[in-house]
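Structure first, commentary second.
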Amino acid sequence: MASLLFNFFKRAIIVPVVVTAIVIGAIYLYVPSLITDGQSRATEETAAVDLSQFSVKEYNSFRELKSGDYIGTVSCSSVELGETPVVYIANNEKAVYAINGSAEPWNGGSMVIIGNDVYSQFAKLYNSEKGDYVSLKFYSGNTYDYKIEKKVTGVTENELKNYLVDGQLVLAVPYNDFSNLGNSFFYTLYVARKA
């Protein structure tokens, strides 16, 4: 009878306590390294842009650029956007891109920059708010700061050019338009003005 009672006690209490202690110990030892690894990966992703991936040249006007040429980077520290590379016109899986008709801010122009796909760095903009700051850093080294004034949802591709208003920066996050049978998108826009 004592042996039966001991086996019950061992199975009902000792084994679960020992297994729980091992699991807690493993979590205690392993989870901090996961957090550290995730932070270091995030730091690597937001580190300086590797320009060897892009066609880079000096320019004074976007008209001097060809589709896919490197323009600079866009960042929004409040949502940990990092320094996201921006190219001219071409949809590039390594960078976001400025649409045709965008003009350089040093000439009073405006830019509409589109995330490369639904899962782009720009998806992090979802957490941004009115009043957050966005920086555009150009290849020449000039930096322009903007302040988000509003968020506009449900904008179609044809309507994007309506947002090319002088002195304005628009960051566009694409979403699949499932109501349309074609491969089309609608956009959530983050409209900003020079700070």
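The values are calculated or read from the model by the stated rules, or taken from the named source; none is laboratory data. Nothing here was measured: the structure is a model prediction, and the numbers come from that model. We place every Cβ from the backbone using ideal geometry, glycine too, and count neighbours over all the protein chains shown. For accessibility, only protein heavy atoms count, side chains too; no ligands or nucleic acids. Shrake-Rupley method; radii C 1.70, N 1.55, O 1.52, S 1.80 Å.
Worth pointing out:
- So residue 95, is it open to solvent by 30 Å² or more (accessible area, probe 1.4 Å) and modelled with pLDDT under 85: no
- In summary, residue 132 fulfils each of the numbered conditions (1) more than 21 Å from residue 163 (Cβ to Cβ); (2) at pLDDT 85 or above with the single exception of condition (1).
- Subset of the stretch 57-75 that is within 22 Å of the chain's Cα centre (by Cα) and farther than 11 Å from residue 89 by Cα - its residue that is surrounded by the most Cβ atoms within 10 Å (Cβ to Cβ): 74
- Residue 38 at pLDDT below 85, under 27 Å from the mean Cα position of the chain (by Cα) and at negative phi: yes
- Complete set of residues in the stretch 120-136 that are surrounded by fewer than 18 Cβ atoms within 10 Å (Cβ to Cβ) and outside any loop (DSSP other than H, G, I, E, B): 123, 124, 126, 127, 133
- Boolean, residue 179 is assigned to a loop (DSSP other than H, G, I, E, B), without any contact (Cβ under 8 Å) to a residue 12 or more places away in the chain and hydroxyl-bearing (Ser, Thr, Tyr): yes
- Residue 155 satisfies every condition listed in (1) surrounded by 12 or more Cβ atoms within 10 Å (Cβ to Cβ); (2) part of a loop (DSSP other than H, G, I, E, B) except (2).
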